[in-house]
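A quick write-up on the structure given underneath.
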Amino acid sequence: QVQLVESGGGLVQAGGSLRLSCAASGRTFSSYAMGWFRQAPGKEREFVAAIRRTYMTYYAESTKGRFTISRDNAKNTVYLQMNSLKAEDTAIYYCAAASLLGSYYGQTSAFDYWGQGTQVTVSS
């Protein structure tokens, strides 16, 4: 069982930056693949980025080059650095953990545990 708590969301102007953090409970954090998803009002939850235990990373096309996912196993934390933010990045951002991440890393069904989400609002 893993509990995830996101933080770092807020209001930022377009072109600005934010760094989200997700703190995980438990001593087996390093064995999980971690991901970030987001959900805008009236839309489905969508993939943002993921990082495997091996530190291999994946990004959605819409975030590639602007967002960076990283992890610190000593702190049981995964981060999402978001630069050059756009109004369309406005959403609730969710952290997720997968005990065994296969090829379908971009699907919500690939992840076993979820945080409660943190709001990111980008003003244009």
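The values are calculated or read from the model by the stated rules, or taken from the named source; none is laboratory data. Just so you know, these numbers come straight off a predicted model, no measurement behind them. Cβ: placed from backbone, ideal geometry, glycine included. Neighbour counts: every protein chain shown. The area values use the complete protein model at the heavy-atom level, side chains included, leaving out ligands, DNA and RNA. Shrake-Rupley method; radii C 1.70, N 1.55, O 1.52, S 1.80 Å.
So the values come out like this:
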quantity	calculated
S70 paired with D112, simple spin-label distance in nm, labels 7 Å along Cα-to-beta-carbon	2.7 nm
Overall dimensions of the chain by Cα: Rg and Dmax, Å	13.3, 41
Probe 1.4 Å, accessible area per residue of the chain, Å²	52 Å²
Rounded to the nearest 20 debye, dipole of the chain from Cβ charges on Lys, Arg, Asp, Glu	280 debye
Fraction of antiparallel bridges per DSSP, the chain only, in percent to nearest 5	90 percent
Whole-percent carbon and sulfur share, accessible surface of the range 13-110, 1.4 Å	48 percent
Listed residues E6, E46, E61 arranged by accessible area, highest first, probe 1.4 Å	E61, E46, E6
Low-density loop positions, chymotrypsin sites (Phe, Trp or Tyr not before Pro), the range 1-104 - DSSP coil, at most 10 other Cβ in 10 Å	Y55, Y104
Residues with amide H under 5 Å from that of R71, placed H, sequence gap 5 or more	Y79
Length released on extending from N83 to L100, taking residue separation times 0.36 nm less the Cα-Cα span	3.2 nm
Within straight-line cross-link reach of K64, lysines at Cα separation under 23 Å, skipping those fewer than 8 residues along the same chain	K43, K86
Heavy atoms of K75: accessible area, 1.4 Å probe, square angstrom to 10	130 Å²
